[in-house]
Structure formats: C-alpha cells, structure tokens
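Notes follow once the structure below has been shown.
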Amino acid sequence: MLFQTTEFLILLLVVMAGIAVLRRAGSQHWMLLIARYVFYGWWDVRFLTLILLSTVIDYAAALGMQGVRLLVGTRAKLSGLLIGASLLFLGINWPAFQDPDVLLSETGLFFPKWPGARVALAACMAFAVIGPGLYGLYFRLGEKGRRRAFLITSVVSNLGMLGFFKYYNFFAGNLEGIGAWMGADLTLPALKVALPVGISFYTFQTMSYTIDA
C-alpha cells in the first residue's frame with residue numbers, strides 16, 4: 001500500500017474517524033494497532049505472522065519484567081490468537097487468490113507448499129503451546145532472574161527472526177563452501193522467501209520497548 005494510493009487515503013480516513021469515536025473510551029490504541037496490521041499486511045499478509053509474534057512476545061515480556069502476571073485465561077487467549085492467526089496467514093495460499101491461474105493448480109488454496117510454509121506453521125503452533133508454560137516457569141524464579149529471563153527471551157526471539165531472514169542464505173552458502181573445501185557434500189536448502197519489508201526497523205523498535213521496560 002503506497003501513500004499516494006486511494007487505499008491508503010481510505011485507511012487514513014477510517015483510522016482518524018475511529019480514533020475520534022474511541023478516544024472517549026480510551027480504546028484508540030486498538031484502532032492504531034489494527035491499522036498498523038492492515039497497512040503492513042497489504043503487501044503480503046503472510047509476513048503479519050512475524051509482527052504478531054513480536055507483539056505477543058514483547059507484550060508478555062514487558063508485563064512479566066514488571067511483575068504483572070497474566071492470568072491463565074489471558075495466556076490461553078494469546079495462544080488462541082497465535083494459532084488462529086497462523087492458520088489464517090500461513091495456512092491459506094494467499095498468492096493463489098491474487099493469481100489463481102498460475103498458482104492454484106500447483107499448490108491449492110489451503111496449506112500451501114511454498115518453501116517453509118508448513119515448517120513455519122508448525123513452529124508457530126509449537127510456540128503457542130509451549131509459550132504459556134514457559135511464562136509460568138519464569139515466575140518461579142527470583143525477581144532478578146525473572147526479569148533477565150523475559151528480557152533474554154524477547155531479545156533472542158526478535159534477533160532470531162531478523163537473523164534468519166537476513167543471514168540464513170549467507171551462512172548456508174558459506175557452510176556449503178567450507179564443506180566442499182573439506183571434501184564433504186553439504187547441501188542445505190535455500191531460503192526462497194522475500195525479505196520482509198522493514199523487518200530491521202520494527203525488530204529494533206520492539207526490542208527498545210522491552211529493553212526500556
């Protein structure tokens with residue numbers, strides 16, 4: 001979505017009207033959050049999974065560092081949100097809706113076979129299940145240990161996603177070269193996915209939030 005398009009103008013007007021209505025209830029931040037997701041997902045809805053993961057992880061980590069323990073029901077809702085969003089963003093072959101003549105016959109509409117789709121979906125599901133248990137485990141630590149654990153989880157998660165998308169192919173290529181030099185055949189799968197737009201920017205923005213907390 002470009003700034004000079006009609007779609008952006010409509011989004012801007014809807015957001016401004018929504019903020020004016022929701023401000024009295026103090027809920028205008030929800031409008032801004034949804035607008036952010038719509039704006040970013042307009043390019044490729046599949047990459048919304050990364051932003052959603054960062055949102056949930058850093059939201060829970062910041063509260064955990066401050067000693068605010070999320071109730072079991074709240075943690076279950078966050079897990080359900082991750083599972084539902086993962087199925088929506090990764091379980092549907094969105095490019096097929098845009099160009100069905102090219103992609104639909106090869107991959108189908110659901111559970112697409114593009115490289116890493118099912119692996120990413122399984123990883124999100126696993127995190128949605130393991131995350132709440134890990135969250136409860138951190139609160140068994142002392143205050144200093146709990147704060148450190150939440151901060152490390154946030155930093156490692158965000159830098160892990162950034163490093164994977166930016167540097168996986170670089171390291172994979174170098175490992176194959178080293179293997180060939182040593183006489184070993186190391187054939188690693190290449191990551192054939194476009195670099196998510198602005199991933200460096202929003203990764204360090206959300207990390208600065210948890211570090212400040």
(request) Would you be able to tell me the number of residues in the range 66-90 that are surrounded by 16 or more Cβ atoms within 10 Å (Cβ to Cβ) and either among the acidic types (Asp, Glu) or closer than 20 Å to Phe110 by Cβ (or both)? (result) 6
(message) Val72 - would you say it is under 21 Å from Arg146 (Cα atoms) and modelled with pLDDT under 90?
(response) yes
(message) I'd like to verify a number: residues in the range 138-156 that are assigned to a helix (DSSP H, G or I) and over 23 Å from the mean Cα position of the chain (by Cα), how many?
(response) 4
(message) So for the range 36-48 (the condition being among the small types (Gly, Ala, Ser) and within 21 Å of the chain's Cα centre (by Cα)), does at least one residue qualify?
(response) yes
(request) State which residue is surrounded by the fewest Cβ atoms within 10 Å (Cβ to Cβ) when the search covers only the range 166-192 and only residues that are modelled with pLDDT of 70 or more, within 24 Å of Arg46 (Cα to Cα) and not aromatic (Phe, Trp, Tyr). (result) Lys166
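The values are calculated or read from the model by the stated rules, or taken from the named source; none is laboratory data. Bear in mind that the values here come from a model prediction, so they are computed numbers and not experimental data. Cβ: placed from backbone, ideal geometry, glycine included. Neighbour counts: every protein chain shown.
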